[in-house]
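The values are calculated or read from the model by the stated rules, or taken from the named source; none is laboratory data. What you are looking at is a predicted structure, and each value in this text was computed from that prediction instead of being measured. Ideal geometry is used to build each Cβ from the backbone, glycine not excepted, and the neighbour counts take in all protein chains shown. Note: areas computed on protein heavy atoms with side chains; ligands, DNA, RNA excluded. Shrake-Rupley method; radii C 1.70, N 1.55, O 1.52, S 1.80 Å.
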Amino acid sequence: MLTTLDEKKKYVYQFNVFDDTFFEMVAKDKEAVEDILRIILHDSELIVAQLITQNSVKNLYGKSVRLDALCVTGDGKSINVEIQKSDNDNHAKRVRYNASCITANVSEPGENYENINDVYIVYISKFDVFNRKRRLYYVERSFHDKGEVISVDDGEHFIYVNASNEIEYMI
């Protein structure tokens, strides 16, 4: 047990952004989260209108999720920032599931699908999810037709940030 102020300081100085406790404190600073998102999304005008940290999205019929930081931008986009230090799961499926839970919970009953807000998942990991030595991966849905790749604008956007030191290309 930490009893003295010096012991507590020493313990806190060992934290980094990948520690849940530390990231929770960083994520409470709306301007800090806004700056992070502006850089990752290449949008210097992005405004975080609402920020909710450590938010649980309940699912009555299946798995619920706990989101590190859920933001709503000034133009209505939902952006979930997730920090991941453990490489012990299927991260792409986790990201997809989080996006579906957010979509289901921010949509109103009877709303036309055209009006459903875009959902972004920014997944910052201490390792390279795709093992391609890139700093950023922007994943969008598409289909292939006769050798042509055609983008599908369904409003779902996945951005993986490789925070390891092993990179070859910045994107």
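Quick notes on this one:
- From most to least packed by mean Cβ count within 10 Å, the peptides 65-72, 96-103, 110-117 give 65-72, 96-103, 110-117.
- In the chain, Cα pairs under 8 Å separated by at least six residues give a relative contact order of 16 percent.
- Accessible area per residue for the chain is 65 Å², calculated with a 1.4 Å probe on protein heavy atoms, without ligands, DNA or RNA.
- The antiparallel fraction among DSSP beta bridges confined to the chain stands at about 55%.
- Proximity of backbone amide H atoms, modeled 1.01 Å from N, is registered between Gln84 and Ile124, Ser125, Lys126 at under 5 Å, excluding neighbours fewer than 5 places apart on the same chain.
- The charge dipole of segment 100-171, taken about the Cα centre with unit charges on the Cβ atoms of Lys, Arg (+1) and Asp, Glu (-1), comes to about 560 debye, rounded to the nearest 20.
- Accessible surface of the chain, 1.4 Å probe, proportion on carbon and sulfur as whole %: 50
- Full extension of the chain segment joining Lys133 with Lys58 gains 23.5 nm, where the gain is 0.36 nm per residue of separation less the Cα-Cα distance.
- Three-way shape call for segment 109-171 based on the alpha-carbon gyration tensor, with the a/c threshold at 1.5: oblate
- Distance from the alpha carbon centroid of segment 108-171 to that of segment 62-85 works out to 14 angstrom.
- What you get for the chain, charging only the Cβ of Lys and Arg (+1) and of Asp and Glu (-1), is a dipole of about 680 debye around the Cα centre.
- Identified option (computed Kirkwood radius over Cα pairs in Å; candidates (i) 15.7; (ii) 16.4; (iii) 17.6): (iii)
- Seen against the Cα atoms of the chain and their longest principal axis, helix 30-40 is set at about 50 degrees.
- Theoretical gain in end-to-end length, Phe143 to Arg96 [0.36 nm per residue, Cα-Cα removed]: 15.2 nm
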